[in-house]
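What follows is a set of notes on a single structure, which appears directly below.
The values are calculated or read from the model by the stated rules, or taken from the named source; none is laboratory data. None of these values were measured; they are calculated from a predicted model. No Cβ is skipped: glycine too gets one built from the backbone with ideal geometry, and neighbour counts run over all protein chains shown.
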Amino acid sequence: MRPRLLALAGAVLLCIFVWLAMDNPSIDHGRHGEDTYDCLAPYDTALNGADNIPGGEPDPVNDDTVAASCREAGRERFRLAAAAGIAGVVVLLGAAGTGIAGHRRTRHAGRDRRAGRV
């Protein structure tokens, strides 16, 4: 596979990582009769232990359920983001290795032609 195509795939995976880590998930347990509730960003939930209490003020009826659902949704989304980020780094390293190997191969082939060892 061509190094540029691999680099592009790695960059796309890293963009997916950023999107998944930053995009707020929504859950179906809204408070006060709402259908959905927007949770905090997955990185905030997974890395900083955010509580995800709706509106920042306790509501004894739904808050524990909403907070628990948001924590789970945020952690799951962050796991997906981490997998995409790791895959992106691996693909970019593969692209770099393929590019370096191709460059060396081209350099050695030119040297062999000039020396008459074709």
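Considering every residue within segment 47-66, establish whether at least one is buried (at least 18 other Cβ atoms within 10 Å of the Cβ) and modelled with pLDDT of 80 or more. So far as segment 47-66 goes, no, none of its residues is buried (at least 18 other Cβ atoms within 10 Å of the Cβ) and modelled with pLDDT of 80 or more. When the residues of segment 67-80 are filtered to those that are surrounded by fewer than 17 Cβ atoms within 10 Å (Cβ to Cβ) and within 16 Å of Ile27 (Cα to Cα), which remaining residue is modelled with the highest pLDDT? Step by step, filter segment 67-80, then rank; the result is Glu76. Assessment of segment 19-32 against the conditions (assigned to a helix (DSSP H, G or I) and either surrounded by 15 or more Cβ atoms within 10 Å (Cβ to Cβ) or at pLDDT below 85 (or both)) yields at least one matching residue.
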